[in-house]
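The next block holds one structure in the form of structure tokens; read it before the comments.
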Amino acid sequence: MNCTVALYGPLGYLYNFSLKIRLRKGVMNNNNKKNTSNNQKHPQELCLQIAFGKILRSCRLASSLTQEGLAELANLHFTYVSSVERGERNLSLLSMDKLARALQCSLKDLMPY
């Protein structure tokens, strides 16, 4: 599936991302059990998570912060920040607020739509 997202970056520039997402059925999980499509995310959810991660990364880099530095300011683990930037996490509002406050921006600035 292809997904195109248009985003405004931290300095007001418009970025267009074209994402190619492959959804696979029957992938083995850690317990060697077949994973059916019950727990798979909807493609739009994946696009939103990936887009949020790209905005977060661009804001972090614009602030000259490392992932570890941002994690420390937001009181989160650096591996969590890394997985958010890769679009692998479904964040809570509380985590998004912590990241926005650490970057000294509004939550609205981090949202892709």
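The values are calculated or read from the model by the stated rules, or taken from the named source; none is laboratory data. In this text the structure is predicted, and so the values were computed from the model without any measurement. Heads up, the Cβs are rebuilt from the backbone with ideal geometry, glycines too, and the neighbour counts pull from every protein chain shown.
Structural remarks
- The stretch 74-102, subset at pLDDT 95 or above and not in a helix (DSSP H, G or I), residue surrounded by the fewest Cβ atoms within 10 Å (Cβ to Cβ): Asn75
Yes/no matrix, rows are residues, columns are (1) more than 13 Å from Lys54 (Cβ to Cβ); (2) out of contact with any Ser or Thr (no Cβ under 6 Å at 6 or more places or on another chain); (3) of a type in the set (D, E, K, R):
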residue: Leu73; (1), (2), (3): yes, yes, no
residue: His77; (1), (2), (3): yes, yes, no
residue: Ser82; (1), (2), (3): yes, yes, no
residue: Arg89; (1), (2), (3): yes, no, yes
residue: Ser92; (1), (2), (3): yes, yes, no
residue: Arg101; (1), (2), (3): yes, yes, yes
residue: Lys108; (1), (2), (3): yes, yes, yes
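- Residue among Lys33, Lys54 that alone is of a type outside the set (Phe, Trp, Tyr) and modelled with pLDDT under 90: Lys33
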